[in-house]
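The values are calculated or read from the model by the stated rules, or taken from the named source; none is laboratory data. The structure displayed is predicted, hence computed values, not measured ones. Counting neighbours? That spans all protein chains shown, and the Cβs are built from the backbone with ideal geometry, glycine included.
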């Protein structure tokens, strides 16, 4: 719309020949921008765990729009997962949904293997699957503790290990943590915060281990984001954020896309917080 208005004004102010030169230049700039966005990950292969909803689904959509063939795991609704596959394919992309419980090492490793068999060696691995089970430290059950650690920490380790074996050199690994690694803020989230803090150490060590292959390993730490999980508390949480809003899934996915790009090859071992200034 902005270009139409600007060009209309220009047409009224400049000779016809000059106007057409400006129009061709504008269209050329637009085509270059569109090509850059669509070619960011063209021909690459990505796997996203927990990719059927929320931040995970946003990452699947973004990487697919960047041109990658994207496989993702899900543990809940198959209908929702297949709907996302259809959405990606309708847009001209490639997607694969695989049911897998991230608490199961066997299922997670199988998902990595299947992705490589169908799409080829991995270029991008995003460990997004995670759960939040609230409870104060004095009442928290051992069963809930073990499952939270299994999905939020152990699965990240297993995913990195399995993905690295199927990944090309110069690949990209991104974990999805949380800004609660820095600031817990509310009662009942001590175990969740602990699991997300563990990821900050994991990425530093993994980055060093995989550096000889030029594989980067980074951790994205979102703050409150517009998902089903945060919806009940959105209005209250907004008052605590300097920017006075919660994040959009597309913003988290955009940071992941940046870290997965060729230009991010010198960023590794980092934990990057994206939370509107919440922990500033």
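For region 94-109, a residue qualifies if it is in a helix (DSSP H, G or I) and either under 19 Å from the mean Cα position of the chain (by Cα) or under 23 Å from residue 83 (Cβ atoms) (or both), and the qualifying residues are 107, 108. Within region 135-172, the set of residues being in contact with a helix residue (DSSP H, G or I) (Cβ under 7 Å, 6 or more places away or on another chain) and part of a loop (DSSP other than H, G, I, E, B) comprises 135, 137, 140, 166.
Residue count for region 265-279 under the criterion of being surrounded by fewer than 17 Cβ atoms within 10 Å (Cβ to Cβ), touching a helix residue (DSSP H, G or I) at 6+ places or on another chain (Cβ under 6 Å) and not in a loop (DSSP other than H, G, I, E, B): the result is 0. Residue check: residue 115 meets all listed conditions (1) farther than 23 Å from residue 226 by Cα; (2) surrounded by 24 or more Cβ atoms within 10 Å (Cβ to Cβ); (3) under 17 Å from the mean Cα position of the chain (by Cα) but one, namely (3). When residues in region 52-92 are screened for being under 29 Å from residue 275 (Cβ atoms) and in contact with a helix residue (DSSP H, G or I) (Cβ under 8 Å, 6 or more places away or on another chain), 23 of them pass.
Within region 191-214, not a single residue is more than 30 Å from residue 118 (Cα to Cα) and at pLDDT below 95.
Could you check region 183-201 and list, in sequence order, the residues that are in contact with a strand residue (DSSP E or B) (Cβ under 8 Å, 6 or more places away or on another chain) and surrounded by fewer than 19 Cβ atoms within 10 Å (Cβ to Cβ)?
The initial filter retains those residues of region 183-201 that are in contact with a strand residue (DSSP E or B) (Cβ under 8 Å, 6 or more places away or on another chain), namely 196, 199-200.
Answer for region 183-201, where residues must be in contact with a strand residue (DSSP E or B) (Cβ under 8 Å, 6 or more places away or on another chain) and surrounded by fewer than 19 Cβ atoms within 10 Å (Cβ to Cβ): just 200.
Does at least one position in region 247-254 carry a residue that is over 24 Å from residue 61 (Cβ atoms) and exposed (fewer than 15 other Cβ atoms within 10 Å of the Cβ)? No: zero hits. Every listed requirement among (1) in contact with a helix residue (DSSP H, G or I) (Cβ under 6 Å, 6 or more places away or on another chain); (2) in a helix (DSSP H, G or I); (3) more than 21 Å from residue 45 (Cβ to Cβ) is met by residue 204 save one, (1).
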